[in-house]
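All remarks here apply to the structure that follows.
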Amino acid sequence: MTENTYLRWLSGATRSIYWHDSAVMAELEEAIGNGAVGVTTNPFLVNATLRANPSDWRSRGVSAAGTSEGDARAEHLICQVAGHIAARVADFRSRGFGYGHCCAQVNPNRPGNTAVMRAMADRYAQAAPNITIKLPATRAGLLVLEDCVAKGYSVAATVSFTVPQVLAAAEAYQRGAARCRAAGREPALGIAVLMVGRLDDYLRDVMQESGGPATEEDIIWAGTAAIKRAYGIFQERGYECALMPAGCRGTYHITELAGARMIMSIAPKIAAGLAALEGPFGERIDAPVEPAILRRLQSMREFVRAYEPDGMAPEDFITYGSTNRTLNQFCDNGWNPLQTLDI
Amino acid sequence: MAKTYFDWLNEQTPTRWWHDSGSPDEILLARSRGALGVTTNPVLTYRTFQNEPDFWREQVQAISGDLDLEPRAEALLRLVAVYAASQFKDVFQASGGRQGLALGQLNPGRAGDAAGMLAQARRIHAWGDNIAIKLPATRSGVIVVEELAAEGIPVCATLNVSVAQALAVAEAYERGADRAEKAGIRPALCLVVQQVGRLDDYIRDVAHDMQAAVSENDVIHAGLAVAKRTYALFTEKGYRSVIMPAGLRGAYHLTEMAGAKVTFSITTRVQDMVLEADPPRENGIDKPLDPALVDRLCQIPEFVRAYEPDGLKTGEFITYGVIQKLLSQFTETGWAPLETYNSSKKSGRWI
């Protein structure tokens, strides 16, 4: 096992919590050795691990047998893989907030359909007690999220790239938590994902198209700027759910947030980059993004929509560019191939 | 043999249609059914390699394993485009270049890169006279349309779901074609795809999300409303570009536009549906949609953006939800798998 001194420092000596971002068991074991205490999966990662290691998963009891091709099979396979991983990390739960969960995502083909997402969430919640149900941060997804929190389910708002989305997710969580407590229960873990690298990817394409003053050096700060701003607002308002940086494209997406009370979703490739860093390491969450970079980014309307707390209304979330490319990718390279996967 | 609906279109109306896939068997079948060209793209190219590997194997293996990602995808795309074009060379010649083409699509990863697209377009044009350059209706794509039109190179603007995009392409083509004529070059064909079914899918998700008071029947007319409006505007302004309705989900997408001087792109599945339904031979283009239906759709701001001639600014084309969805799809299920198809090279793409 590679000893990752950065991740051990981050997970051991700061308030930041490390979750592993893949559904490959061997990778998970290495991550746990370096301090990972939870796991994020999505339809893409589940499809990828089942196709890359079918015999490993068969030996763990995963099978499509008895399910007909279609949504039922995709859901069944996601439940099985997520349930298996959830069992592996279940012991960490006793260590407190943010520990011992595994994410399972609802059907990305129905991001506006509350009925489909609600029914699926109810089934996921039965799969294992420490499944975190991933719902899209659309208007409809957040309505379902609130209901899930009220029922005591652990939730994560994903397909989320912007400050207004994570704020809306946090508020939906608060409403659900209040309902949960009113019913005499303690609400479960809530996460508001901000896919930092995917925001950068989208803005890069928009920048190339519009030829604005922002450069590649600015673009790679866009997601970081958004999540730092959101973090400040979360602290100020005392939101209970945790921000989660995800879709990282480089070590900078983690190092710039080090020390934050966030749950960080870190893929093996990023973990390897962090392992190459040499200490001493420092917390960077309170270091602001350079004002000149921010000014250039703010010349892009699509960045402003992502960065300003009121940059979008909830009904705009499903129309945002990053939302659409990400949902499509989760469908084309995740959910849809899972519908016909024979294992 | 009894005349089919497609025979009627070809013989009694100005409406024409092209086949929509790269499958050699399907192309032959479609030709026998009256198709006058082939629409190919990275997704369909990859699909025929998956479905008919024996047909392509020798040609695929002849491509050097040393090619980088983008040149490899381009070389593979070329195989299918050249084959499809070869099946319609006679139609191309007989129609003076108005029919009988196949399409060579540019890298969807360059949707915002006008210079990169222009260079790739010139390479693809060298594949054959009856291969049109397929490119996105983004701000950068519109710039490239004008340049290619000025050079007399046929184009097909895709990733288009809105009236505003179609108008921007048509206007760019007029500018380019005028420049061509001034230079003594005969302007080539310009097709403007209207992805009717894809807009419907998007509007359905948005309508559900905002709980708009529209029915499924309203939703499945969203793309048609846009296509009909675009057609009326093209006719009124006398634009030379030809609308290409694509992404059809049923016979109604065809029958409601029948009689229009447009060229449809139709998959084998929808061809079968049309032949099965054997619809009445009636002009559909002159029948407007129910105004109440359009009013209901207009409660959805995303529909209004697609439907109004000034609903989207040029710089917003690339940001519109369906366009991002389509770019992702062309990349994920077409261009990206082609980059590494039958190759040991690994893609560095992020997920």
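The values are calculated or read from the model by the stated rules, or taken from the named source; none is laboratory data. Computed from a prediction, not measured in an experiment: that's the story for all the values here. Methodologically, a virtual Cβ is constructed for each residue, glycine included, from the backbone with ideal geometry; neighbour enumeration extends over all protein chains shown.
Below is a table of values for the structure above.
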| quantity | calculated |
| --- | --- |
| Set A:ALA65, A:ALA23: member being in a loop (DSSP other than H, G, I, E, B), over 26 Å from A:ARG93 (Cβ atoms) and out of contact with any His (no Cβ under 6 Å at 6 or more places or on another chain) | A:ALA65 |
| Residue tally, condition in contact with a helix residue (DSSP H, G or I) (Cβ under 8 Å, 6 or more places away or on another chain), of a type in the set (Lys, Arg) and either over 14 Å from B:LYS313 (Cα atoms) or surrounded by 24 or more Cβ atoms within 10 Å (Cβ to Cβ) (or both), over the range B:121-173 | 1 |
| Residue under evaluation A:LEU338, criteria (1) in contact with a Pro (Cβ under 9 Å, 6 or more places away or on another chain); (2) under 20 Å from A:VAL106 (Cα atoms); (3) within 13 Å of chain B (Cβ to nearest Cβ), criterion not met | (3) |
| Helices (runs of 4 or more DSSP H) fully within the range B:187-265 counting 2 or more residues that are of a type in the set (A, V, I, L, M) and touching a helix residue (DSSP H, G or I) at 6+ places or on another chain (Cβ under 8 Å) | B:196-210, B:222-237, B:251-255 |
| Subset tally (residues that are aromatic (Phe, Trp, Tyr) and assigned to a helix (DSSP H, G or I)) for the range A:1-20 | 2 |
| Listing of helices (runs of 4 or more DSSP H) fully contained in the range A:219-291 that carry 3 or more residues being among the hydrophobic types (A, V, I, L, M, F, W, C), within 28 Å of A:ARG301 (Cβ to Cβ) and within 19 Å of the chain's Cα centre (by Cα) | A:222-237 |
| Only listed residue being under 30 Å from A:THR14 (Cβ atoms) and at pLDDT 95 or above, chosen from A:ASP286, A:ASP316, A:ASP332, A:ASP310 | A:ASP286 |
| Any hit, the range A:198-211, residues being under 20 Å from A:PHE317 (Cβ atoms), more than 14 Å from chain B (Cβ to nearest Cβ), among the basic types (Lys, Arg) and part of a helix (DSSP H, G or I) | no |
| Residues located in the range B:119-164, provided they are over 23 Å from B:GLN99 (Cα atoms), within 14 Å of another protein chain (Cβ to nearest Cβ) and assigned to a helix (DSSP H, G or I) | B:ARG139, B:SER140, B:ILE143 |
| Yes/no for B:GLY334 being within 9 Å of chain A (Cβ to nearest Cβ) and touching a residue at least 40 places away in the same chain (Cβ under 8 Å) | no |
| Tally, over the range B:214-245, of residues that are more than 14 Å from every other protein chain (Cβ to nearest Cβ) and farther than 25 Å from B:GLN105 by Cβ | 14 |
| Residue in the range A:208-221 that is buried (at least 24 other Cβ atoms within 10 Å of the Cβ), at pLDDT 95 or above and within 21 Å of A:VAL159 (Cβ to Cβ) present | yes |
| Top-ranked residue of the range A:93-114 - restricted to ones that are within 19 Å of the chain's Cα centre (by Cα) and not in a loop (DSSP other than H, G, I, E, B), ranked as farthest from the other protein chains (Cβ to nearest Cβ) | A:ARG93 |
| The range B:301-324 residues that are more than 16 Å from B:TYR202 (Cα to Cα), paired with ones that are assigned to a helix (DSSP H, G or I) and acidic (Asp, Glu) (beta carbon under 8 Å, 6 or more apart) | B:GLY315/A:GLU209 |
| Test: residue in the range B:87-96 that is β-branched (Val, Ile, Thr) and over 18 Å from B:PHE264 (Cβ atoms) | no |
| Residue list for the range A:285-302, restricted to those being within 13 Å of chain B (Cβ to nearest Cβ) and in contact with a Lys or Arg (Cβ under 9 Å, 6 or more places away or on another chain) | none |
| Flag for A:SER160 being away from chain B (no Cβ under 13 Å), under 28 Å from A:GLY70 (Cβ atoms) and among the hydroxyl-bearing types (Ser, Thr, Tyr) | yes |
| Test: residue in the range A:97-107 that is on the phi < 0 side of the Ramachandran plot, at pLDDT 95 or above, polar (S, T, N, Q) and in contact with an Asp or Glu (Cβ under 8 Å, 6 or more places away or on another chain) | yes |
| Close pairs (7 angstrom Cβ cut-off, 6 or more residues apart or separate chains): within 12 Å of A:VAL166 (Cα to Cα) in the range A:127-151, polar (S, T, N, Q) anywhere | A:PRO136/A:THR158; A:ALA137/A:THR158; A:ALA137/A:SER160; A:ALA137/A:GLN165 |
| Qualifying positions in the range B:71-99 - free of Cβ contacts under 8 Å to residues at least 60 places away in the same chain, among the polar types (S, T, N, Q) and closer than 18 Å to B:PHE49 by Cβ | B:SER86 |
| Tally of residues being farther than 24 Å from A:ASP201 by Cβ and over 18 Å from the mean Cα position of the chain (by Cα) across the range B:100-155 | 10 |
| Leading residue by the ranking (nearest to the other protein chains (Cβ to nearest Cβ)) among those in the range A:257-275 that are within 14 Å of A:TYR231 (Cα to Cα) and surrounded by 23 or more Cβ atoms within 10 Å (Cβ to Cβ) | A:MET264 |
| B:TYR83 aromatic (Phe, Trp, Tyr), under 19 Å from the mean Cα position of the chain (by Cα), surrounded by fewer than 21 Cβ atoms within 10 Å (Cβ to Cβ) and not in a loop (DSSP other than H, G, I, E, B) | yes |
| Cross-chain or 6+ apart pairs with Cβ under 7 Å, the range B:45-70 first and part of a helix (DSSP H, G or I), then basic (Lys, Arg) | B:LEU69/B:LYS345 |
| Pair list, Cβ under 9 Å, 6 or more apart: the range A:61-86 residue hydroxyl-bearing (Ser, Thr, Tyr), other residue assigned to a loop (DSSP other than H, G, I, E, B) | A:SER63/A:ILE343 |
| Flag for A:ARG249 being surrounded by fewer than 20 Cβ atoms within 10 Å (Cβ to Cβ), at pLDDT 95 or above, on the phi < 0 side of the Ramachandran plot and within 14 Å of another protein chain (Cβ to nearest Cβ) | yes |
| In the range A:150-183, the residues that are farther than 17 Å from A:SER322 by Cβ and either at pLDDT below 95 or part of a loop (DSSP other than H, G, I, E, B) (or both) | A:LYS151, A:GLY152, A:TYR153, A:ALA183 |
| Filter result for A:GLY311 (touching a Ser or Thr at 6+ places or on another chain (Cβ under 9 Å), part of a loop (DSSP other than H, G, I, E, B) and more than 28 Å from B:SER328 (Cα to Cα)) | no |
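Quick grid of which residues meet (1) among the aromatic types (Phe, Trp, Tyr); (2) over 22 Å from A:ASN333 (Cβ atoms); (3) at pLDDT below 95:
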position: A:ARG8; (1), (2), (3): no, yes, no
position: A:ILE17; (1), (2), (3): no, yes, no
position: A:GLU29; (1), (2), (3): no, yes, no
position: A:ARG51; (1), (2), (3): no, no, no
position: A:TRP57; (1), (2), (3): yes, no, no
position: A:VAL62; (1), (2), (3): no, no, no
